[in-house]
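The values are calculated or read from the model by the stated rules, or taken from the named source; none is laboratory data. The model shown is predicted, which means the values in this text are computed figures rather than measured ones. Cβ atoms come from the backbone with ideal geometry, glycine included; neighbour counts cover every protein chain shown.
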């Protein structure tokens, strides 16, 4: 994820509790030299994260909706929100999101992995808003 966001000049906000342990040595190894090209902010809770974003719109990517991510109108200041691969986000998080969208896929499969979903989502949002780097 850090590499993806570095390549697209997009900041990353990590919200505790995370599905992995944050360890700078492990993160640096996984992100290789890309970590120096991405802004990462860690938040101790979802409430702290919400307090930091002001009025920006939260767009949740979830399998629990019918709204296609490709038929959605993104704004340049939207925040794309992704949950855990195994469980998504808690209901109280989903309830405060301004929009819920999904990447269309075959109905007999459960979901894509998080990095693949984020890459498709971020690419589409940047394409629509004309903010692709380079």
For residues that are within 14 Å of residue 1 (Cα to Cα) and surrounded by fewer than 12 Cβ atoms within 10 Å (Cβ to Cβ), scanning just segment 14-34, find the one that is modelled with the highest pLDDT. 18
Among (1) touching a helix residue (DSSP H, G or I) at 6+ places or on another chain (Cβ under 7 Å); (2) assigned to a helix (DSSP H, G or I), there is one condition residue 60 misses while meeting the rest; what is its number? (2)
Can you pull out every residue in segment 77-91 that is touching a helix residue (DSSP H, G or I) at 6+ places or on another chain (Cβ under 7 Å) and either under 11 Å from residue 111 (Cα atoms) or loosely packed, with under 11 Cβ neighbours inside 10 Å (or both)? 85
With respect to residue 37, determine if the residue is surrounded by fewer than 14 Cβ atoms within 10 Å (Cβ to Cβ), touching a helix residue (DSSP H, G or I) at 6+ places or on another chain (Cβ under 8 Å), under 24 Å from residue 3 (Cα atoms) and touching a residue at least 24 places away in the same chain (Cβ under 8 Å). yes
Hey, residue 76 hits all of (1) in contact with a strand residue (DSSP E or B) (Cβ under 6 Å, 6 or more places away or on another chain); (2) under 17 Å from residue 124 (Cβ atoms); (3) in contact (Cβ under 8 Å) with a residue 40 or more places away in the chain but one; which does it fall short on? (1)
Filter segment 58-68 for residues that are closer than 26 Å to residue 133 by Cβ and within 13 Å of the chain's Cα centre (by Cα); the one that is surrounded by the most Cβ atoms within 10 Å (Cβ to Cβ) is 61
Of all residues in segment 92-134, how many are crowded, with 16+ Cβ neighbours inside 10 Å, out of contact with any strand residue (DSSP E or B) (no Cβ under 9 Å at 6 or more places or on another chain), at pLDDT below 95 and in a helix (DSSP H, G or I)? 0
